[in-house]
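Scroll down for the structure; my scribbles are underneath it.
The values are calculated or read from the model by the stated rules, or taken from the named source; none is laboratory data. Since this is a predicted model, take the numbers as computed values, not measurements. Cβ atoms come from the backbone with ideal geometry, glycine included; neighbour counts cover every protein chain shown. These accessible areas exclude ligands, DNA and RNA; they are computed on the full protein's heavy atoms, side chains included. Shrake-Rupley method; radii C 1.70, N 1.55, O 1.52, S 1.80 Å.
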Amino acid sequence: MEEWFRLVAAPRPCAYLPSETAALELRLIGSMSAAEYDRLLERGYRRFGHYVFRPACPACRQCLSLRVIAGCFEPGPAERRILKKNRTITAELSRPAATPDRVELYNAYHSFMHRHRGWPLERATLRSYAASFLGDFDFAREWLYREDGRLLGVALMDETPEAVSLAYCYYDPAWRPRSPGSFSILRQLLYARETGRRYAYLGYWIRSCPSMSYKARYRPHQLLRRYPGEEESPEWEPGVETAGTAACASSGLAGGEG
């Protein structure tokens, strides 16, 4: 791995818990293999572009890394309804790219979320989009969701020997009534299961944050107990479980530490 620098960013108000102060540990990575990124995922890191990061908040430990045990995942009735509603959507897996149609869709999504949820208004360019999302890594992937040939959504994903990591999804606001975000997560979870990955990393989860509550619905899952130091081993523990988890765990697929 080629690492250019590492730092802990200055504390700032938390975007998810307004009463807390947040900070990130940032690492700028020039190059790394998929196996090296596997080890970073186990330790709670995420990637955007050439940066990997994880929480380093001064006094709060509520932001937990969550991963689904992919081999044990089964869509429930609500998930099957979402898949059925989107049966006309095609999903194509490819290498990420910065193109005008992607940037136009990204900007339309953020304009909608600015009006709908009060997100800061953001306008990407081809250059800023590439800098934020691409990075020159062989394990980077993207899902292109189309209907009748029209691009409706893009989901950025990393694919390592052990896992997939769901990075970011944006979509045409007109698609929203059919739950595109949930559909995208389901497609990636099923892909992880079908390709024999052990885990699907869904990023960070905060129990008391309503906008993150959906992640705990995907089960069985595990939570990283704390963010380990360089010489420490990551400790993952079971999250909220379902009836089918015990049988899955007895098969060896639901192992604890990654």
Next on the checklist: Return the pair list, or none, for Cβ contacts closer than 8 Å from residues in region 160-178 that are within 30 Å of E36 (Cα to Cα) and hydrophobic (A, V, I, L, M, F, W, C) to residues that are modelled with pLDDT under 95 and in a helix (DSSP H, G or I), at least 6 apart or on different chains.
Outcome noted: A167/F133
Checklist entry - Limited to region 143-175, what total is found for residues that are of a type outside the set (D, E), farther than 21 Å from G49 by Cβ and out of contact with any helix residue (DSSP H, G or I) (no Cβ under 8 Å at 6 or more places or on another chain)? => result 5
Checklist entry - Looking at (1) modelled with pLDDT under 95; (2) open to solvent by less than 60 Å² (accessible area, probe 1.4 Å); (3) of a type outside the set (S, T, N, Q); (4) not in a loop (DSSP other than H, G, I, E, B), which is the one condition that is false for L190? => result (1)
Next on the checklist: What's the total number of residues in region 7-34 that are closer than 12 Å to R54 by Cβ and aliphatic (A, V, I, L, M)?
Outcome noted: 6
Item to check | Output for region 143-159, where each listed residue is under 16 Å from A34 (Cβ atoms) and in contact with a Pro (Cβ under 8 Å, 6 or more places away or on another chain) | outcome: L156
Checklist entry - Only one of these conditions is not met by E235: (1) within 28 Å of Y106 (Cβ to Cβ); (2) over 14 Å from the mean Cα position of the chain (by Cα); (3) in contact (Cβ under 8 Å) with a residue 12 or more places away in the chain. Which number is it? => result (1)
Checklist entry - Can you tell me which of S179, S184 is modelled with pLDDT of 95 or more, in contact with a Gly (Cβ under 7 Å, 6 or more places away or on another chain) and polar (S, T, N, Q)? => result S184
Checklist entry - Does region 58-85 hold any residues that are touching an Asp or Glu at 6+ places or on another chain (Cβ under 7 Å) and modelled with pLDDT of 95 or more, and which are they? => result none
Item to check | F53, sole failed condition from (1) without any contact (Cβ under 8 Å) to a residue 40 or more places away in the chain; (2) farther than 23 Å from M212 by Cβ; (3) out of contact with any His (no Cβ under 7 Å at 6 or more places or on another chain) | outcome: (2)
